[in-house]
Amino acid sequence: MVNLSTIDLNLLHVLAVALEERSATRAARRLGVTQSAVSNALARARELLGDPLLVRDGRGMAPTPAAEELLPELAAAMGQLRSMIEHRRAFDPLTSTRELTLACADNSQIADVPPVAAALAREMPLARLRVVSIDYLVASGGLSAGGIDAAIGMRKRDPALRVAPLYRDPTVGVVRRDHPIVGKRLTRGTFPRLGFIDVHIPLGRPGQGHALVEQAFRAQGLVRRIALVVPGFAAAAMAAAGSDLVAFMPRRVAVALGSHLPVRLVELPVADLGHEMWLAWHERTHKDPAGACLRRVILETLRAEPTVRAVVGHAQLVTPPRQRGVESLHGRAKQLDPLDL
């Protein structure tokens, strides 16, 4: 039996941060201590656990297999301790200095995070919003591990997760402005003559969005010739801007990227293709007042659905403030998941 009274539990906190940052320097900065203090704590943690835990790898540090196995459990334990203490304090959004972590893919990082960050700054002016990738979410053990307060993405069926609908985002094509083959619309006739860019988001593997697009096109007898695979929509848009390749992506991020890149949006030969985006959080954070404030800000901000415009050839493609798909999404959510924030 381990005698906890003989263990400095602060070592576990330092170890958790060091494993997340994979750098003693960054861990020290995040903890507000010196680098030597972090190094000393890691040395004591190595002795306590009987493993090197972190070894030098170039300019950073790489976790050992034992450390990778330990991180999700350690993060969950730290999250539970943090929640226990936070729940004992009176929550005031105007004075809270909490760091709140949101996980999302780069489409939401580009299109959704800016308005959410601005709204959160008004609600919790002293708090810090930390945005991490879907790769980080998966690698760190998901929402159950304890380091992430909420996630934006496609819905995942998990009884431990609570979810709320955000919006339905239609899928559009993105091509360079002077594309020699593609006009205002991607047609069946031009489809076989084109090369396409595929986006694999979670750990470089095809995800739910990829599967939906492939299924929709194959159902119409259309098969993409994949010429390039990238890990995000920004990279896909950049590649489309500099080549004759075609990228598919959610309209919100396409509009945002299109204002900075020489690309244009084109309609697809498949009707009603889009992604339903949800806000998800774990049951363990449901009663956390800071987490609830973040969720409320996200829902109120992203459900507002402002009208967006994007150039499609020489015409304007307009997204109405409320779409039938969004209304049906909200209707199903009322049946499946009572929205109790």
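Remark: accessible surface ordering of E283, E300, E47, E69 (largest first) is E47, E69, E300, E283, probe radius 1.4 Å. Projected onto its three principal axes, the C-alpha set of segment 1-72 covers 38, 27, 19 Å, listed from the longest axis down.
Put one equal scatterer on each alpha carbon of the chain, apply the Debye formula with no solvent term, and list log10 I(q)/I(0) at q = 0.10 1/Å to two decimals. Debye output, listed in q order: -0.70. Centroid-to-centroid, using Cα positions, segment 20-41 and segment 48-117 are 14 Å apart. What separates the Cα centres of segment 149-213 and segment 232-291 is a distance of 7 Å. Entry note, the chain: the mean residue ellipticity at 222 nm calculated from DSSP H runs of n ≥ 4, each adding -39500 (n - 2.57), is -12500 deg cm²/dmol after division by the residues and rounding to the nearest 500. Computed over segment 233-291, the percent of Cα pairs more than 19 Å apart is 48. In the chain, if the dipole is taken from +1 on Lys/Arg beta carbons and -1 on Asp/Glu beta carbons about the Cα centre, which of M154, L137, G32 is farthest to the positive end? Ranked along the dipole, the leading option is M154.
Sorted largest first, the spans of the alpha carbon positions of segment 28-164 along the three principal axes are 44, 34, 31 Å. Here the chain is treated with +1 on each Lys and Arg Cβ and -1 on each Asp and Glu Cβ, and its dipole about the Cα centre works out to around 940 debye. Share of carbon and sulfur in the accessible area of segment 144-204 stands at 51%, probe radius 1.4 Å. The three principal axes of the C-alpha atoms in segment 91-240 carry coordinate ranges of 60, 34, 23 Å, sorted with the longest axis first.
Here the gap between N10 and K156, fully extended at 0.36 nm per residue and compared with their Cα-Cα distance, gives a gain of 49.1 nm.
Close amide-amide hydrogen proximity is noted between L265 and V311, G313, each under 5 Å apart and 5 or more residues distant or on a separate chain (H modeled in the peptide plane; Pro and chain starts excluded).
The Cα-based radius of gyration and maximum Cα-Cα distance (Dmax) for segment 105-183 are 16.6, 51 Å. Protein heavy-atom accessible surface, 1.4 Å probe, per residue over segment 1-149: 55 Å².
Starting from the Cα of T190, move 7 Å in the Cα-to-Cβ direction to define the label point; list residues of segment 227-251 whose amide nitrogen is under 12 Å from there. Residues 244-247 fall inside that zone.
Shape descriptor for segment 139-206: Rg over Rh equals 1.13 (Cα atoms; Rh from the Kirkwood inverse mean 1/r). Residues whose amide H lies under 5 Å from that of I201, counting only those 5 or more places away or on a different chain, are G207; hydrogens are built 1.01 Å from N in the peptide plane.
Stretched out straight at 0.36 nm per residue, the stretch from I85 to V33 would grow longer than its current Cα-Cα span by 16.6 nm.
The values are calculated or read from the model by the stated rules, or taken from the named source; none is laboratory data. Quantities reported herein were computed from a predicted structural model and do not represent experimental measurements. Note that each Cβ is placed from the backbone with ideal geometry, even for glycine, and that neighbours are counted across all protein chains shown. Areas reflect the complete protein model, heavy atoms only, side chains present, ligands, DNA and RNA absent. Shrake-Rupley method; radii C 1.70, N 1.55, O 1.52, S 1.80 Å.
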